[in-house]
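Notes to accompany the following structure.
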Amino acid sequence: MTTKTKVNLLGFLTVFFWALAFPLSKIALSHFDTNSFALLRCMVASLFLCTLGVCQKIQLPKKQDIPKFFISGLFGFFFYLVFFNTGLKFLTSATSSIIIATTPIMTSIGSTFLYHEKIKWLGWVAIAIEFIGIIVLSLWQGTFSFNFGILWTLSAAFVFCVYNLYQRKLSSLGYRSNEIVTYSMVCGTIFFLLFLPQGVAELSTAALPHITTLLILGVFSSGVAYILWGKALSIAEKTSDVTNFMFVTPLLSTIMGFLLLKEVPSMGTLIGGAMILIGLVLFQFGK
């Protein structure tokens, strides 16, 4: 199997598991608070990853690198899940996934400064189209109806962009993808421990569907998906070769949102989302 094929396979499997996170998180958030749910999801993922790490006999992080993993965990898991869960309370699965799909654009812009991956003029046109699409999403119901869920979700996309860019730094230090995600996840979980009492209380009263979604999100959407994502980033020639797969997420999450939650996209979502997706496609020709 060629490296390109591996990247494509790893990327698609990752976004499939991430697409599950949009409707399943909405189900779980009908019972859990945003922060306590994030803690429980990270705890499940940490237990899964640490167990897997012991079986694989992964190397322990060097003392001087531990702060770097706390930075990675802060952006990739703590900030991301706080912003993502808060935004999802105000948005449909489709709208949220479309906004998160702007992460590759942010990552590519960051890569132009950090890794000298150039963007052509068509790429900047695509970014402008996406920006207009976000405005349409935000103000479709009227000038004063801005949905702050969009702002929270844009913030989630930004911090995940930082996480993506930071993975290359950790990979350059000799850490493998599974080591990076395991130690980043554990560090991210430590930041959430403030919400442990509330999380335990809510878990004790959770129904089976809420617990099931929590386990699926923790093991697959956080654990397995991040390992696959990190592996793809570590072997890809360019960061954008991997992040491009996030363009598929809106389609998958919209389908899952309809099947699981009976969510029907609004006209604002269809028009603004179409503009964003057109911008995402155009961007591929303008890198």
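The values are calculated or read from the model by the stated rules, or taken from the named source; none is laboratory data. What you are looking at is a predicted structure, and each value in this text was computed from that prediction instead of being measured. Cβ atoms come from the backbone with ideal geometry, glycine included; neighbour counts cover every protein chain shown.
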Quickly run through segment 140-159 and pick out the residues that are at pLDDT below 65 and on the phi < 0 side of the Ramachandran plot.
W140, Q141, T143, F144, S145, F146
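Take the residues in segment 1-20 that are part of a helix (DSSP H, G or I) and among the aliphatic types (A, V, I, L, M), then tell me which one is farthest from P209 (Cα to Cα).
Taking segment 1-20 first, the residues part of a helix (DSSP H, G or I) are 3-20.
Now drop any that are not among the aliphatic types (A, V, I, L, M), which leaves 7, 9-10, 13, 15, 19-20.
On the way: V7: 33, L9: 30, L10: 28, L13: 24, V15: 23, A19: 18, L20: 14 Å.
Ranking the candidates gives V7 first.
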Give me the pairs, please: first residue somewhere in segment 10-36 and of a type in the set (G, A, S), second residue anywhere and at pLDDT 90 or above and assigned to a loop (DSSP other than H, G, I, E, B), beta-carbon distance under 9 Å, and either six or more positions apart or on two chains.
A28/A206
Need the failing condition index for V162 against (1) modelled with pLDDT of 90 or more; (2) under 30 Å from G279 (Cα atoms); (3) not in a helix (DSSP H, G or I), just the number.
(3)
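May I ask you to verify whether T86 is assigned to a helix (DSSP H, G or I), of a type outside the set (D, E) and out of contact with any helix residue (DSSP H, G or I) (no Cβ under 9 Å at 6 or more places or on another chain)?
Details: assigned to a helix (DSSP H, G or I): yes; of a type outside the set (D, E): yes; out of contact with any helix residue (DSSP H, G or I) (no Cβ under 9 Å at 6 or more places or on another chain): no.
When the stated conditions are applied, T86 does not pass them.
Here are some residues: S46, S30, S25. Which one is surrounded by fewer than 20 Cβ atoms within 10 Å (Cβ to Cβ) and among the small types (G, A, S)? Give the derivation first.
Numbers: S46 fails: surrounded by fewer than 20 Cβ atoms within 10 Å (Cβ to Cβ); S25 fails: surrounded by fewer than 20 Cβ atoms within 10 Å (Cβ to Cβ).
Result of the check over S46, S30, S25: S30.
Go through P61, P104, P23 for me and flag whichever is of a type outside the set (V, I, T) and in a loop (DSSP other than H, G, I, E, B). Before you say what the answer is, go through the steps one by one.
On the way: P104 fails: in a loop (DSSP other than H, G, I, E, B); P23 fails: in a loop (DSSP other than H, G, I, E, B).
Just one listed residue meets the conditions, P61.
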Out of the residues in segment 199-238 that are under 15 Å from the mean Cα position of the chain (by Cα) and of a type in the set (V, I, T), which is modelled with the lowest pLDDT?
I227
Could you check segment 25-53 and list, in sequence order, the residues that are aliphatic (A, V, I, L, M) and either over 17 Å from Y80 (Cβ atoms) or in contact with a Gly (Cβ under 6 Å, 6 or more places away or on another chain) (or both)?
I27, L39, L40, V44, A45, L47, L49, L52
With the structure loaded, tell me whether S234 is surrounded by fewer than 23 Cβ atoms within 10 Å (Cβ to Cβ), out of contact with any strand residue (DSSP E or B) (no Cβ under 9 Å at 6 or more places or on another chain) and over 27 Å from L29 (Cβ atoms) or whether it fails that test.
yes
